[in-house]
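Student: Before we start, here is the structure in question, set down as structure tokens.
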């Protein structure tokens, strides 16, 4: 019965289809874009969208690559609109890629196999880590990507996938930034250090900051593993990066920030926003019924500032 409920539940899982959708292939003033592309991997055609700076396509001008992962039930257009990362890429001159997960409907209700979540990708044990590794190889071959400045961020199920990528692609990623995501306590330590910034909300019912069973309309898309408290994410990555055990805590009436003292070139931070539910802070709602994003922090700005400061 639980699995029969998954398809319906995923329509409301974490991120629904966007209110409006940017047309594929839209060209910003100084970005070169392509219609949605595909990459053959694992017996499937995997889709992704790329936005890249114009006039930087040379080996002497390598630029960062930011991989942005949609939430469960979302897609590339949805997370592009929600986060505003394309505009950030236009302003700052980096490449942003929006890969898409998998689902029974191929173009809708897409999820990532983050281990304990979510839906189709989890049930089918889709090799999303392998897909993202292959995608990175393709983008490095096709675009002027700086291999020492490759990053991953994501929303909810996409944030959980960012954790998994940080662990299993620690040889490729310099930093990760999961948003309204979680760990489960059984993660293996990666082979190499990876800096991490995490952002969670105190009003989040889908991924409760205090840990425990997931909630919201997409709860049936998980397995039976409870989530860990939000700060456990930071503790995990602090251990990975050789940081001191106890973080510095800084709080005001809008948020609490924990930051760890880490070896040079590494950083681990977690921000818990008092007024954020299951939403991308400073961005757009994922749907009309989605939670209102916090105005206390622009997650896209904060994430890019963190990424820019931490290379491999």
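Student: Please state the shape class of region 40-147: rounded when a/c is under 1.5, otherwise prolate if a/b exceeds b/c and oblate if not, all from the C-alpha gyration tensor.
Tutor: Taking the square roots of the gyration eigenvalues as a ≥ b ≥ c, region 40-147 is prolate.
Student: A further question follows. Looking at (1) 117; (2) 142; (3) 171, which value of volume of the Cα convex hull per residue in Å³ comes from a calculation on the structure shown?
Tutor: Entry (1).
Student: First measure r as the distance between the Cβ atoms of residue 107 and residue 295, then evaluate 1/(1 + (r/R0)^6) with R0 = 41 Å and state the FRET efficiency to the nearest 0.05.
Tutor: That pair, residue 107 with residue 295, gives E of 0.80.
Student: With a ≥ b ≥ c the root eigenvalues of the C-alpha gyration tensor of region 164-262, is it rounded (a/c under 1.5), prolate (a/b larger than b/c) or oblate?
Tutor: Oblate, because a/c is 1.5 or more while a/b does not exceed b/c.
Student: If you don't mind, another one. Using Cβ counts within 10 Å as a stand-in for footprinting exposure, how do 278, 116 rank, fewest first?
Tutor: Ranking 278, 116 by Cβ neighbours within 10 Å, fewest first, gives 116, 278.
Student: Counting DSSP beta bridges in region 3-308, what percent are antiparallel, to the nearest 5?
Tutor: 50
Student: From the Cα gyration tensor of region 236-302, with a ≥ b ≥ c the square roots of its eigenvalues, which class applies: rounded if a/c is under 1.5, or else prolate if a/b is larger than b/c, or else oblate?
Tutor: It is prolate, given that a/c is not under 1.5 and a/b is the larger ratio.
Student: As an exercise, use a Förster radius of 25 Å and the Cβ-Cβ distance of residue 140 and residue 54 to find the FRET efficiency, rounded to the nearest 0.05.
Tutor: Given R0 = 25 Å and the Cβ-Cβ separation, E is 0.85.
Student: Give the calculated FRET efficiency between residue 38 and residue 191 to the nearest 0.05, with a Förster radius of 35 Å applied to their Cβ-Cβ distance.
Tutor: E(calc), rounded to 0.05, equals 0.70.
Student: If we sort 174-187, 69-82 on the protection proxy, mean other Cβ atoms within 10 Å, highest first, what's the order?
Tutor: Answer by packing, highest mean first, reads 69-82, 174-187.
Student: Given an 8 Å cut-off on Cα distances and at least 6 residues of separation, report the relative contact order of region 3-308 as a percent.
Tutor: 17
Student: When 94, 236 are ordered from fewest to most other Cβ atoms inside 10 Å of their Cβ, what list results?
Tutor: The most exposed by this proxy come first: 236, 94.
Student: While we're here: If the chain between residue 127 and residue 288 were fully stretched, how many nm would it gain, using 0.36 nm times the residue separation less the Cα-Cα distance?
Tutor: 54.8 nm
Student: Springs between alpha-carbon atoms under 10 Å, Gaussian network over the chain: tell me which of 92, 292, 232 tops the mean-square fluctuations.
Tutor: 92
Read-outs throughout are calculated quantities, based only on the coordinates presented, and are distinct from any laboratory measurement. Small disclaimer: the values here were computed from a predicted structure and weren't measured. As a convention, Cβ positions derive from the backbone with ideal geometry for all residues, glycine included, and neighbour counts pool all protein chains shown.
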